[in-house]
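In what follows, a structure is listed as structure tokens, so that the remarks can point back to it.
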Amino acid sequence: DNEIEKIKTILMHDFRFPPLDKDSQCALLYNQIIECESVGVHVRRSDMLYANGYLYKYGYFKRAVKLVRDRVHNPIFFIFGDNNSTDWVKKNPQRIGLRDQDKIVYVECNKGKDSYRDMQLLTVCRCVIITNSSFGWWGAFLNNRPNKITISPFANYNTTDLV
């Protein structure tokens, strides 16, 4: 932990995203995310199910969403992932602890060469729920929002004492 903290300032300086096109769908989402109690949920099923299957099977996401509900008033859940993963969540929101009355936004505009924009959006969420994935980890790590909450399957990746 201390080694990462020592170089965090350098990393935060070196890892910057290019500006968003102000009229893009991504820019609209960015503004929505920073103006609400946003919860970025990074789901990885397709290519990482071998490493993340137990998270779905044993209720990690349900516990993470419950922790968010306990600490955040009026959360809006932004679902990030590849098409197969976000499509799965659309069909099975209850499997990750989401309810019919929840406000849910599926982030589907950043595909292919623009996939890195998902990471950019994760860096401004109020809360980030990540899986075993370096992509999600970097999105949470580069998040410089004050009082952010990061929930991870591994306690040493969390930014709070929630898990």
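The values are calculated or read from the model by the stated rules, or taken from the named source; none is laboratory data. Here the structure is a predicted model, which is why all the values come from computation and not from measurement. Heads up, the Cβs are rebuilt from the backbone with ideal geometry, glycines too, and the neighbour counts pull from every protein chain shown. Protein only, heavy atoms only, side chains kept; ligands, DNA and RNA dropped before computing areas. Shrake-Rupley method; radii C 1.70, N 1.55, O 1.52, S 1.80 Å.
Worth pointing out:
- Whole-percent carbon and sulfur share, accessible surface of the chain, 1.4 Å: 51 percent
- Along the chain, longest interval not containing exposed trypsin sites (Lys or Arg not before Pro), exposed being DSSP loop plus at most 14 other Cβ atoms within 10 Å: 23-98
- With 19 Å as the limit on Cα-Cα distance, the pairs of K57/K103; K8/K148; K57/K148 that go past it are K57/K103; K57/K148.
- Rg/Rh ratio calculated on Cα atoms of the stretch 1-128 (Kirkwood radius): 0.98
- Whole-number accessible area per residue in Å² for the chain, which is evaluated in the context of all protein chains at 1.4 Å: 55 Å²
- Residue-span extension gain [K62 to D87] - 0.36 nm each, minus C-alpha spacing: 7.2 nm
- Segment Y106-I34, length gained on full extension (0.36 nm per residue, minus Cα span): 24.3 nm
- A27/H73 FRET efficiency (R0 30 Å; Cβ-Cβ; nearest 0.05): 0.70
- Estimated at 0.36 nm per residue, the fully extended path between F17 and D47 surpasses their Cα-Cα distance by 8.3 nm.
- The chain: relative contact order in percent, alpha carbon pairs under 8 Å with at least 6 residues between: 25 percent
- Euclidean distance of C-alpha centroids, the stretch 47-66 and the stretch 120-150, integer Å: 17 Å
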